[in-house]
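*Asks:* Here it is, the structure, as structure tokens.
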Amino acid sequence: MSTHQDAIGRASGSQRAKDLAFRLTLLACLALAIGLLVVLLVDVALDGAGALSWDFINNFTSITADKAGIQAGLWGTIWLMGVCACFIVPVGVATAIYLEEYGDPAKWWNRLIELNVQNLAAVPSIVYGILGLAFLVRGPLSLGNVVLAGGLTLALLVLPMVIIAGREALRAVPSSIREGSMALGATQWQTIWRQVLPAAVPGIATGVILALSRAIGETAPLIVVGAVAVIAFNPDGLDSQFTAMPIQIFDWISRASNNVNDYRPLAAAGILVLMVLLLAMNGVAIWLRNRYEQKW
Amino acid sequence: MLAALISLLTTTGIVYALVKETIVFFGDVGLGEFLFGTKWTPLFGEPSFGVLPLILGTFATTLIALVVAIPLGLAAAIYLSEYARPRVRKTVKPMLELLAGVPTIVFGYFALTFFTPEVLRRFLHMDVAIFNALAAGIVIGFLIIPIVASISEDSMRSVPQALREGAFGLGASKFQVTLRVVFPAALSGIVASIVLAMSRAVGETMVVLIAGGQQPQWGADVGKSMETLTAFIGATAKGDAATGSTAYKTIFAVGTTLFVITLVMNLISIRFVRRYRQVYE
């Protein structure tokens, strides 16, 4: 931005000193924010590196800290993500298609749905936990504190993210594609299913992965729907009790804070495993976005 | 396309679930006692159901978080939007967004095992309890910096270049242009980012549950434990409350309070953005 540099050159001396001080303050603030991220990661890595081993991944949790591992949490998380994905992909995509391709924004109920999706995205995650507790675990569905209830609770939590990402992906498909398809005699449904949707898949997939990476780290709603912290088996079905990585980590942190300090490295090691999974998912999302990015 | 109805059903479900049990709760406890009582001991032998200490705890941690996040987040946004070269922006912004993607339980761990003992006690020599509202609030502040920074930056960058050039043409310095032209023009987006960050801070659970402690406090000693609305729900639900028990009902009553607070904030934010949005061609 060379024009701006010239403009600064013309300003008076005291103005220039003020400019410089302001600029340095801003830079210091930014450095502090980024520095925090570094300190956070280094602190966890230093605490957890010692406890990280294949035994840690292969063992169940235990009352003796040096035998404890995260296997039940890892499999619990994988099951939860599976349930979550099976729900958010069809429902999220269908809602996005409806709002983007069929819904007439002039109709009041479509505006209501839209406003509603925006508002849902800002509801605290623990409130979704309460919803899961009242409707899925007990009450009408009475599933109990099982994988299915936990996965669906997380799915409802991240559904607005998928809908919003899906709508953006559909909107990015130019209308000339739709018109071309219709002109060749395709029905609206054929146009959406064979032309618009395939073109929007990379964007939708990115949204779904990002939604899952949000769900994978969520702890609070799972606490409320009753994930069990001390468990020594992997889930063997949708109606199995479960734990999840964040729950396991939370349990170890609680033990560490009651001065059982052996559990602190375990918690940190658990966080490392979780962060690696998360970074991998984010990496895939970014790769998808770059690989299939289309310019129309 | 009935799928769209699921989002409506979710909202209805949330409201219905909360309201139903909350009504049952108020069958046992007077509304006045709940809203204006200053003692929260629902699970004691002689229970007392004043929710004010929990609300105070929530606002104390949120306020501390905002004091940390607003200056840091806005400074980062101004730097990235007005000063940074494009290459710097392209590397730094994803890093900030990465910070936003870190699960909150990690921040809780950080607050409890690093921030309180190392920073507050050893480095700043503060006499704080191991579970305290100050550390929880500051760490929530870190957690919401990316929200403030990212949305504010977007809104400052969308201020048209012509406004900046006009101000430079009148002889303004970069500093003046940034603070007196760009900043006011982007105000609606900036305020929206702050309100959004605030509702995140109010609803944040894991950090306060891990590092904020579970002693409700009717006072302003942030060096001690202050229980928040979310921490109470988390701690009570962890104990696997039986359906129909007092503990079970309090979860819903406190949840309703939380839901109403965040809903009001969202509506204010939407209102504010609509009212002050500047439309440029």
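*Asks:* Restricting to the stretch A:175-194, give me the number of residues that are surrounded by 13 or more Cβ atoms within 10 Å (Cβ to Cβ) and either charged (D, E, K, R) or not in a helix (DSSP H, G or I) (or both).
*Replies:* Matching residues across the stretch A:175-194 total 2.
*Asks:* When you scan the stretch B:123-226 for helices (runs of 4 or more DSSP H) that lie fully inside it, which ones turn up with 3 or more residues that are within 14 Å of B:T61 (Cα to Cα) and more than 9 Å from chain A (Cβ to nearest Cβ)?
*Replies:* B:133-157, B:187-203
*Asks:* Just to check your reading of the model, which residue among A:M281, A:M275 is modelled with pLDDT of 85 or more, under 20 Å from A:L74 (Cβ atoms) and out of contact with any Leu (no Cβ under 7 Å at 6 or more places or on another chain)?
*Replies:* Answer to the selection: A:M275.
*Asks:* Something else now. When you scan the stretch A:229-242, how many residues do you find that are under 22 Å from the mean Cα position of the chain (by Cα) and within 13 Å of chain B (Cβ to nearest Cβ)?
*Replies:* Selection size over the stretch A:229-242: 1.
*Asks:* Please enumerate the residues belonging to the stretch B:69-122 that are outside any helix (DSSP H, G or I) and of a type in the set (A, V, I, L, M, F, W, C).
*Replies:* Residues satisfying the conditions are B:A84, B:V102.
*Asks:* Name the pairs: first residue in the stretch A:30-55 and facing chain B (nearest Cβ under 7 Å), second residue part of a loop (DSSP other than H, G, I, E, B) and of a type outside the set (S, T, Y), Cβ to Cβ under 8 Å, at least 6 apart or on different chains?
*Replies:* A:L37/B:V102; A:L40/B:V102
*Asks:* Further, regarding this structure: Quick one: is B:L112 buried (at least 22 other Cβ atoms within 10 Å of the Cβ), closer than 17 Å to B:L134 by Cβ and modelled with pLDDT under 90?
*Replies:* When the stated conditions are applied, B:L112 passes them.
*Asks:* What number of residues within the stretch A:134-145 satisfy the criterion of being in contact (Cβ under 8 Å) with a residue 24 or more places away in the chain and either within 7 Å of another protein chain (Cβ to nearest Cβ) or in a loop (DSSP other than H, G, I, E, B) (or both)?
*Replies:* Residues in the stretch A:134-145 being in contact (Cβ under 8 Å) with a residue 24 or more places away in the chain and either within 7 Å of another protein chain (Cβ to nearest Cβ) or in a loop (DSSP other than H, G, I, E, B) (or both): 3 in total.
*Asks:* Hey, can you tell me all the residues within the stretch B:76-118 that are more than 8 Å from chain A (Cβ to nearest Cβ) and under 24 Å from A:I249 (Cα atoms)?
*Replies:* Within the stretch B:76-118, B:E97, B:A100, B:A111, B:F115, B:T116, B:P117, B:E118 qualify.
*Asks:* Right, here's the next one. One residue is enough: does the stretch A:207-228 have a residue meeting the conditions over 19 Å from the mean Cα position of the chain (by Cα) and surrounded by fewer than 19 Cβ atoms within 10 Å (Cβ to Cβ)?
*Replies:* Taking every residue of the stretch A:207-228 in turn, at least one turns out to be over 19 Å from the mean Cα position of the chain (by Cα) and surrounded by fewer than 19 Cβ atoms within 10 Å (Cβ to Cβ).
Each row is one residue, and each column tells you yes or no for (1) more than 28 Å from B:S193 (Cβ to Cβ); (2) surrounded by 23 or more Cβ atoms within 10 Å (Cβ to Cβ); (3) among the small types (G, A, S).
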position: B:A69; (1), (2), (3): no, yes, yes
position: B:L72; (1), (2), (3): no, no, no
position: B:V119; (1), (2), (3): no, no, no
position: B:H125; (1), (2), (3): yes, no, no
position: B:A133; (1), (2), (3): no, yes, yes
position: B:F142; (1), (2), (3): no, yes, no
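Table: residues versus (1) at the interface with another protein chain (Cβ under 9 Å from one of its Cβ atoms); (2) crowded, with 24+ Cβ neighbours inside 10 Å; (3) within 27 Å of B:V208 (Cα to Cα).
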site	(1), (2), (3)
A:W79	no, no, no
A:V89	no, no, no
A:G103	yes, no, no
A:N119	yes, no, yes
A:A149	no, yes, yes
A:L154	no, yes, yes
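The values are calculated or read from the model by the stated rules, or taken from the named source; none is laboratory data. Source: prediction; values computed, not measured. Cβ: placed from backbone, ideal geometry, glycine included. Neighbour counts: every protein chain shown.
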